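In what follows, a single structure is set out as structure tokens and then discussed.
The values are calculated or read from the model by the stated rules, or taken from the named source; none is laboratory data. Keep in mind that this is a model prediction, so the values were computed, not measured. Here the Cβ positions follow ideal geometry from the backbone for every residue, glycine too, while neighbour counts run over all protein chains shown.
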Amino acid sequence: MDSAQRLGLSPEWSHRLDGVAPVKPRLPAPGVLDRLAVAPDDAAEIRAGWPSDEWPEELSWLLGRVVALVGANLGGAGWLVPGPWLPRGLGPDWKHFYVYVYLALLEDALAYHARRGISEEVSWATLADLGRNLAIDRRMNGEGWSVMLQWLTLHVRGGLYELGRLQYQRAREGRLALHIPRSGPLTPQACDASLELARPFFKRHFPNESYESASCGSWLLDPMLAEYLPPGSNLLRFQRRFELQPGGEDAVDDIMHFVFGTHTTPLDGLRAETSLQRAVLAHLRAGGRWQRRTGVLAL
Ligand SMILES: CC(C)(COP(=O)(O)OP(=O)(O)OC[C@H]1O[C@@H](n2cnc3c(N)ncnc32)[C@H](O)[C@@H]1OP(=O)(O)O)[C@@H](O)C(=O)NCCC(=O)NCCS
């Protein structure tokens, strides 16, 4: 049985990976996990599964190919599925496979940043989203993983930057995509300061790209929140920065993820501790839905 069969790859992934010339992954020393804000419990697991000659052959086969595949898109800023879904219960090597992919791409990402004159401070603040996301996944008992998989390829391809409170994804048509990490209150002051950083950042480091506005697509922009939260709340003050675009998509999954940290707990099993959680639950129990809306602000 070959590696693709042992991994149980779909015909699409088999075909795709067969056509990729593998690279020899260059992993940094594990000490880098500190700089990536990886918490001790996650770091211990990652170290325990670290790629070695004892690694299952099929994982080594896959690592060289996935690193090549994602690495070939250095400088890209679109969404990218980095590789096939893997079982996560077979040990830390399987569980953290995509963390090793991230680590193997770190040197290239840092070199890309340096070529663009991006400060080390911004590089490491951006790349340390790894540790934040691993901690979220741990709190969610592994349910956060599917979100991480595509998300973290943006950071190591130079597609996204964390500038103060907010993250900015280079995007098309003169518009940045704005993201809100889970890093404390979303105060107006912190948002203003971040936008102040973003305006000159992209002009300076990506002079061939021109950004006049930023868009945000999020549950945070559902106008229904105004029925429940006080006008002075950070969430509503954030909303008021944006011009809402028509249309929306169901955001109940997003709300479960970002507000309750679960995708599997039934409504009756959820405990509401904050005013937002109480609002979300009351609304859902009354048969209401939440929407992901897109808003645009001028830079
Ligand atoms: C964006 C975020 C920082 C806003 O939090 P905030 O600054 O505390 O917002 P507000 O001050 O407006 O909060 C109003 C109330 O809602 C609560 N609240 C806000 N966001 C919450 C969340 N994600 N989960 C649970 N409660 C939340 C606050 O604790 C506060 O409750 P209280 O009145 O009982 O004290 C927070 O929602 C968050 O960390 N979200 C995760 C990341 C995210 O959703 N990103 C967007 C992805 S599309």
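Things to note:
- Applying the condition of being assigned to a helix (DSSP H, G or I) and farther than 24 Å from ALA226 by Cβ to the stretch 251-277 and asking which residue is modelled with the highest pLDDT yields GLY269.
- Looking only at the stretch 102-150, and only at residues there that are buried (at least 17 other Cβ atoms within 10 Å of the Cβ), in a helix (DSSP H, G or I) and acidic (Asp, Glu), the one that is modelled with the lowest pLDDT: ASP137
- Members of the stretch 151-173 that are of a type in the set (Phe, Trp, Tyr) and either in a strand (DSSP E or B) or in contact with a Phe, Trp or Tyr (Cβ under 7 Å, 6 or more places away or on another chain) (or both): TYR161, TYR168
- Selection count, the stretch 260-269, where residues are more than 11 Å from the ligand (Cβ to nearest atom) and in contact with a Leu (Cβ under 8 Å, 6 or more places away or on another chain): 2
- Restricting the stretch 197-228 to residues that are in contact with a strand residue (DSSP E or B) (Cβ under 9 Å, 6 or more places away or on another chain) and under 17 Å from VAL122 (Cα atoms) leaves a set whose member that is surrounded by the most Cβ atoms within 10 Å (Cβ to Cβ) is ALA198.
- Which numbered condition SER60 fails, given (1) more than 19 Å from LEU152 (Cβ to Cβ); (2) modelled with pLDDT under 95: (2)
- Residue match in the stretch 202-219 (condition: assigned to a helix (DSSP H, G or I) and either within 14 Å of the ligand (Cβ to nearest atom) or among the hydrophobic types (A, V, I, L, M, F, W, C) (or both)): yes
- Pairs where the first residue, in the stretch 227-255, is farther than 26 Å from THR265 by Cβ and the second is within 10 Å of the ligand (Cβ to nearest atom) and part of a loop (DSSP other than H, G, I, E, B), C-beta under 6 Å, 6+ apart: LEU236/LEU229; PHE238/LEU186
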